[in-house]
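Heads up: the structure comes next, in structure tokens.
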Amino acid sequence: MVSEKDFIASNLAATPENGNFQWSAPSNIALVKYWGKKAHQIPANPSISFTLNSCKTITNLAFAKKENDGNFSFDLLFEGQPKEDFKPKIQKFLERIAIYCPYLKNYHFTIDTQNTFPHSSGIASSASGMAALAMNIMSLEKTLNPEMTTEYFYQKASFLARLGSGSACRSVKGSVVVWGNHAEMENSSDLFGVEFPAKLHDNFMNFQDTILLVDKGEKQVSSTVGHDLMHNHPFAEQRFAQAHHNLSAIQSVLENGDLEAFIQIVESEALTLHAMMMTSLPYFILMKPNTLEIINKIWKFRNETKIPICFTLDAGANVHVLYPENVREACLQFIKDELVGYCQNGQYICDAIGTGAINIL
Ligand code: PMV
């Protein structure tokens, strides 16, 4: 079994003076949700997600040799402009991964990052952002250790991304990614995401995700605080057991294409996630009135048309509307006619299942 020790960099032969890498990494949407964690970003339960295609972060990492004085040194640019308020999060990430990437202190970095989705759209950029940065760091490590295998490259990228933001480990490679130990999933790990091992049924090929931007404001409760509230949560144990059960169930569904079963698991997971927030202490509600309006409209439309459209939610008020590609036109028409009115400034983003991070430079 792969352990944390396997990710401590070794065989660092080369010492380049300077260089530049660029990667894009997508966002992802969980079908079975991760909510609750142990120390060192170890998830309390396994999760599975669809990788997105259009919503992504593009990050350029320039590096130049410096003396190792025991400190990290980096400048951070967002869309080409210095962004001081993002720095503490990156500093913390670098500190967490220092033991696995000791070479980082030998370089000064310029990290230049941008998102394809509108800033403060309420779409979490931490998953795509941390994944894109982790990919760049692995490109540097690969330069220092050219013998590195591709498998190790992606596994460690996911391992590092996880230390930045848990769900980021599911944004590295593959269309459907599992993160967290699960008895029935061979090679599944708490340490990194793995590609869903079986063939995905045609019903899920190019599956659509239209993200309705209901509330673009700052989240009242960060996911870090939310995860922590699962400690001593009265329903924690049942919830974690349910996630294991739902992961088993969705595994067969993704292979056999049963859309009715898919809808039931995915919507139940979304509502359970929010139920956990509503039943923690302190309790909180991230859904907005328009989130509920949209959910009810989707249920009504599905009942009337029998079109297999459903919703899921992140830790926020936005709604991800999921549906197969062959009903795209009807669903988009429904969204335009009946749901856009509930979005802030009528904004929504059309996305679909993607394949993972892409090396640009
Ligand atoms: O990766 P974090 O710590 O931001 O947590 C994300 C949690 C959810 O998005 C709510 C669920 C998930 O599995 O992505």
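Report, by residue number, each residue of the range 191-224 that is open to solvent by 30 Å² or more (accessible area, probe 1.4 Å) and farther than 29 Å from Lys288 by Cβ.
Correct list: Glu195, Pro197, Ala198, Lys199, His201, Asp202, Asn203, Met205, Asn206.
So that you can scan it fast, the table gives a plain yes or no per residue for (1) modelled with pLDDT of 95 or more; (2) within 21 Å of the chain's Cα centre (by Cα):
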{"site": "Lys219", "(1), (2)": "no, yes"}
{"site": "Leu229", "(1), (2)": "yes, yes"}
{"site": "Gln238", "(1), (2)": "yes, no"}
{"site": "His244", "(1), (2)": "yes, yes"}
{"site": "Leu247", "(1), (2)": "yes, yes"}
{"site": "Leu254", "(1), (2)": "yes, yes"}
{"site": "Asp258", "(1), (2)": "yes, no"}
{"site": "Phe262", "(1), (2)": "yes, yes"}
{"site": "His274", "(1), (2)": "yes, yes"}
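Which residue, of Glu195, Glu218, is within 16 Å of the ligand (Cβ to nearest atom) and among the acidic types (Asp, Glu)?
Step by step, each of Glu195, Glu218 is checked, and only Glu218 is within 16 Å of the ligand (Cβ to nearest atom) and among the acidic types (Asp, Glu).
Every residue in the range 117-154 that is more than 16 Å from the ligand (Cβ to nearest atom), under 20 Å from the mean Cα position of the chain (by Cα), of a type outside the set (Phe, Trp, Tyr) and surrounded by 19 or more Cβ atoms within 10 Å (Cβ to Cβ), please.
Those that are more than 16 Å from the ligand (Cβ to nearest atom), under 20 Å from the mean Cα position of the chain (by Cα), of a type outside the set (Phe, Trp, Tyr) and surrounded by 19 or more Cβ atoms within 10 Å (Cβ to Cβ): Met135, Asn136, Ile137, Met138.
Of (1) more than 16 Å from the ligand (Cβ to nearest atom); (2) touching a residue at least 40 places away in the same chain (Cβ under 8 Å); (3) assigned to a helix (DSSP H, G or I), Ile111 satisfies all except one. Which?
Among (1) more than 16 Å from the ligand (Cβ to nearest atom); (2) touching a residue at least 40 places away in the same chain (Cβ under 8 Å); (3) assigned to a helix (DSSP H, G or I), Ile111 violates only (3).
Within the range 1-52, which residues are within 12 Å of the ligand (Cβ to nearest atom), in contact with a Leu (Cβ under 6 Å, 6 or more places away or on another chain) and not in a strand (DSSP E or B)?
Answer for the range 1-52, where residues must be within 12 Å of the ligand (Cβ to nearest atom), in contact with a Leu (Cβ under 6 Å, 6 or more places away or on another chain) and not in a strand (DSSP E or B): Lys33, Trp35, Gln41, Pro46.
Quick one: in the range 287-316, of everything that is part of a loop (DSSP other than H, G, I, E, B) and open to solvent by 10 Å² or more (accessible area, probe 1.4 Å), which residue is farthest from the ligand (Cβ to nearest atom)?
Going through the qualifying residues, I end up with Lys306.
Could you tell me whether any residue of the range 167-181 is modelled with pLDDT of 95 or more, open to solvent by 60 Å² or more (accessible area, probe 1.4 Å) and within 16 Å of the ligand (Cβ to nearest atom)?
Yes, some residue in the range 167-181 is modelled with pLDDT of 95 or more, open to solvent by 60 Å² or more (accessible area, probe 1.4 Å) and within 16 Å of the ligand (Cβ to nearest atom).
Go through the range 342-361 and report how many residues are touching a Ser or Thr at 6+ places or on another chain (Cβ under 9 Å), farther than 19 Å from Thr113 by Cβ and open to solvent by 80 Å² or more (accessible area, probe 1.4 Å).
Count: 1.
The values are calculated or read from the model by the stated rules, or taken from the named source; none is laboratory data. This is a predicted model, so every value here is computed, not measured. As a convention, Cβ positions derive from the backbone with ideal geometry for all residues, glycine included, and neighbour counts pool all protein chains shown. Side chains are part of the model used for accessible areas, which takes the heavy atoms of the whole protein and leaves out ligands, DNA and RNA. Shrake-Rupley method; radii C 1.70, N 1.55, O 1.52, S 1.80 Å.
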